[in-house]
Each structure stands twice: as structure tokens, then as C-alpha cells.
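Below: the structure, in C-alpha cells.
Quick note: the coordinates plus some simple rules give every number you see, no bench work behind them. Here the structure is a predicted model, which means the values were calculated and not measured. Here the Cβ positions follow ideal geometry from the backbone for every residue, glycine too, while neighbour counts run over all protein chains shown.
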């Protein structure tokens, strides 16, 4: 019988809540009506459930614990993650609590050798990074899940077995009141790096695990530095290694440093040794202030991925699908992009609105993204923790030259997590028409935000669950073939939200579900869109087709391809 910890975890700044176990209907002979079961109520599992619910699809969400994660863990959300959360309708508490930032500095032997401001402009609502502890990430998502009648979150529920056939998946679930079988059409494994589902199915990741361990320690201290990424190479007290420092909400600071080779996790976490090293870091910062330890752990770096995220009727996402290095804040941010990609496809398949083949594109697109991240993250990891004497020699040479020369400093770039593009996705179509644009947002790219007012952005208007059809109209409103295409979108096999963008807010009449005024042409310029142009956008906000001149027939063909069908 599964008996999860029922006492709130300790923290000097966060009040853990115990979520009581609720007896499920299966223990009394009933059965869930949800077509999807999600294993793991971490950030990615909950986001996937929230996105499925937006499409009207029920899910059961299983979590073996009774409270949110212990420790700050994933503390940096990128701009793309915040845009995904905004699209899901849950970004407000993150923005209110988190600390936004855009810059970082690197030091070597006490000298600043690198400074970087990550790209952002006036059209972005969010800065490139937002620091917020994972406890809050999960708390805000738990609250959003609780507001949905389509999500059944079952705390204290541990999966112990899985079987599947061509029609369904059966999970054996152990609980404080006994075990039961839970049957679903589809299962999403979002149960983290030590995924039970992955182990039960005997699936192996491909890639590399790097030597060397790192300590994360969260301390409460009045350090008084701005919110930026600080990296220190070769500090006197930790020769050959490095230290990262990040500010968090509530006066908490993340200290992240590499251990000397051969030192065990147990030894590194001994209070006296950990305390001595934290004092060294504060001295290095010039802030020898009192501090309290909240949480600490040891981790290692990996660049690993499953070769396929779809196994029968089981789909893998987040750390259950891939293990990525912490450098460049890739873990949770990559997982959010996984969940955003997966949810709309699974929803349409579960509702019978798209063929099962659509799910193949989830695996194809996200495995490719993970492999790109493994390549990029591997470069950062080899610089932060050189795996051989040769890599160390090269790294040390770069650092030494950076004290006096400019040319090697780009090698210190930390390659932060980015919004991935699906330029080669099988869901894209009309390549020639895409190439005819002089700029804008290309096929496979995520949409780009545009500031429309003091606190008004394009993304604030792009609401609703479904494909988006962005039509660019002149002063007289949409006419000709664009008008016909907008009318035809009403009868599409899936929901298409019609968005008309033009100089006047009332020019679209009944042709639009959403009208966005663009009196100075700011949106049209960003999208390189003349009057009559149109963009077809997937529900995860990635462009899958665009035309300088759209017809109803072209729209129908692009939708067929985007739903996993073949072009005619």
C-alpha cells in the first residue's frame, strides 16, 4: 500500500500544503470517463492537462506525492515559456511573483571577462528570463487545475504497472486505500527524470552522461545585488571549477557550484562543508552577510533523449522524455514546449478530429528539438565541466585569453534555451508561398509579439483553442479571396479562430472572431504582410503556412496537411 509523506516539507520561506487523497471511483467499481491519463503532476504534466482541458478533453492526473516538489529546482522560465503560460491563461501569478532579467556577467580570477544582454525589444511583453522557484510554479498550476472541471488530479497515487494493446492502456495504481486498474485511451508519461513509466516499459535513452557533480544550495540572505546571471570561473576556494549565482523571490539566492572530482554527494552536503563553501561564495560576492540554508541537493549533467516519444498509446514528455543539462535553463523550458506541442495534437486525436498519425509529428518535432538542445547544451557542459584534459586545456586557454583579448569571449556565451522552430515539420505546406515573403515569421517559427499600447500586445488578443487564421486587411476590410477564405474557415474540420488585422477595429463585420486594430501598420510590418496576406497558425502558435494571397482552396489544403494528412 502506497503511503506518501503526509507532513509538510520544511522550508524557511515556503508554506507547503498537504493535498488530501480522495478515494477514486475505481476503488468502488466505477470507471473514469477521461480518455487521457497523465502520470506526474509536475509543471509539464499539469500544463498538458490544462491545455487538453482548453480543447474540451478530460484527463486524470496522477501524482504519487501529496504536496508540490521539494526545493526550488527549475527557477528560470524563459520568455517562450511565459508566452506558453499566457496562451494557456495562467501567466498572471507568475508575472506578479517572478523576477524578470535579461543580462549576465562572467568572471575569471576576480576579473569580469564577459557581459551579455539577451535579445529583447519593445514588442516583447516578457524579458528573456524570469526567476521563480518551482514550488510556486507548481502551486500556481495546481490552482489552475483546480479551477477546471475537466481535470481530475489524484494525489497520493503511484503507478506500479502498465500494459497496453491496440485499443487502450491499463495502469495499476497504488494508493493509501488500496490499488486499482485505471484504463485510458492514451497515457502521457510526465513523471520526471526517474520516470516510472519509462522504466516499466524498459525504454532506454540515447546520448551522454557527463562526469562531475554539482551542488545547488538555496539560501535566504540580504545580498542586495540585481537580478542577473553571475558566473565565476576558477574561484580561489574551488580551483578548476565554477560557481553560478541567481537571485530568486522572497530573498532567496541560488548558489550552484561544481564539486572537486571524486567528492561524494554525502560529503558535499555535510553542513559544515556546505556552510564553509557558501561563506566563500558570499565573500567572493563581497557580501559577507548572515544566511540561512533552505534546501540543497547534488546533480550531474546529461544530454540524453529517448529516440521516440511515442510508444504505442503512451507518449513521453518533459524529463521523462529527455534529460538535459541545467546550463542554459533547458529542462523545464524545453518541457513546456513539449507540452504545448503535444496537447493540441493529442486533443484532436482523442476527439476523433485528426488521425493518429498526427501524434507522429509530436515525436518527430520534439525529438529533433531535444537533439539540437543536446548538441548546444553539450557545448556549454563541456565548457563548464571539461570532460578530458584536452577540453580543460582549451577552456582554460579561452578564459586566460579573455583577460586581455576580445575575440575568445563569444565562447563564454551560455547558449540559453530558445524557442524552437519546426522549419522541416511535415505539418508545414506551401513552401514556395512562404519563401515569397520578404521577412516576417516563417513556416515553423513561433508567432512574434507586437506592442500595441502601454499594456496591450498582440498576444493578449490571440485567445481561444484552435488554429489561428491571421488575415491582413486594408482600410476597407478583407475583400475578394481573403473574404472567401475567412468565410470558408467556418466550415473547417477543426476550429479555426479567424483574426482580422487592419487599420480599423470594426472593418471585419461578421468575417472575424477577433479583430485587432493596426492603425500604424506595426503588426503588418513585423509580419511582412501586404493587404490580403494571411498566416495559418497551429494551436501551439507555430506558423504552418502563409500566403501573400490566400484562397479558400489553399486554406483547406493547408489544414489537411497540418492535421497529419497528405497534401493533395
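Values for this structure:
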| item | result |
| --- | --- |
| Considering only the chain, percent of DSSP beta bridges that pair antiparallel, nearest 5 | 70 percent |
| Antiparallel DSSP beta bridges within the stretch 431-562, percent to nearest 5 | 55 percent |
| Of every Cα-Cα pair in the stretch 211-277, the percent that sits beyond 19 Å | 34 percent |
| Potential extension, residue 201-residue 432 segment - 0.36 nm per residue separation minus Cα distance | 78.9 nm |
| Volume of the Cα convex hull of the stretch 1-105, divided per residue and given in Å³ | 140 Å³ |
| Computed helical MRE - 222 nm, the chain, DSSP H runs ≥ 4 contributing -39500 (n - 2.57), nearest 500 | -8500 deg cm²/dmol |
| Crossing angle, helix 358-384 versus the chain [Cα axis fit, 0-90 degrees, rounded to tens] | 30 degrees |
| Relative packing of 392-402, 531-541, which averages over residues the other C-beta atoms within 10 Å, highest first | 531-541, 392-402 |
| Cα long-axis angle, helix 271-284 against the chain (0 to 90 degrees, to the nearest 10) | 70 degrees |
| Length-normalised contact order for the chain - Cα pairs under 8 Å, 6+ apart - percent | 14 percent |
| Translational diffusion of the stretch 426-568, µm² s⁻¹ [Kirkwood Rh, Cα pairs; Stokes-Einstein; 25 °C; 0.890 mPa s] | 166 µm²/s |
| Rounded tilt (10° steps) of 331-350 against the dominant C-alpha axis of the chain | 30 degrees |
| Footprinting exposure proxy for 319, 250 (fewest neighbouring C-beta atoms within 10 Å first) | 250, 319 |
| Sites residue 504 and residue 455 - FRET efficiency at Förster radius 22 Å, r taken between beta-carbons, to 0.05 | 0.50 |
| Neighbour-count order for 340, 265, fewest beta carbons within 10 angstrom listed first | 265, 340 |
| The chain - convex hull of alpha carbons, volume per residue in Å³ | 160 Å³ |
| With 5 Å bins from 0: P(r) over the stretch 274-395, alpha-carbon pairs, percent | 2, 10, 16, 14, 13, 12, 11, 8, 6, 4, 3, 2, 0 |
| Additional length obtainable on full extension of the chain from residue 300 to residue 112, 0.36 nm per residue less Cα span | 65.0 nm |
| FRET efficiency for residue 551 and residue 272, using Cβ-Cβ distance with R0 set to 56 Å, rounded to 0.05 | 0.15 |
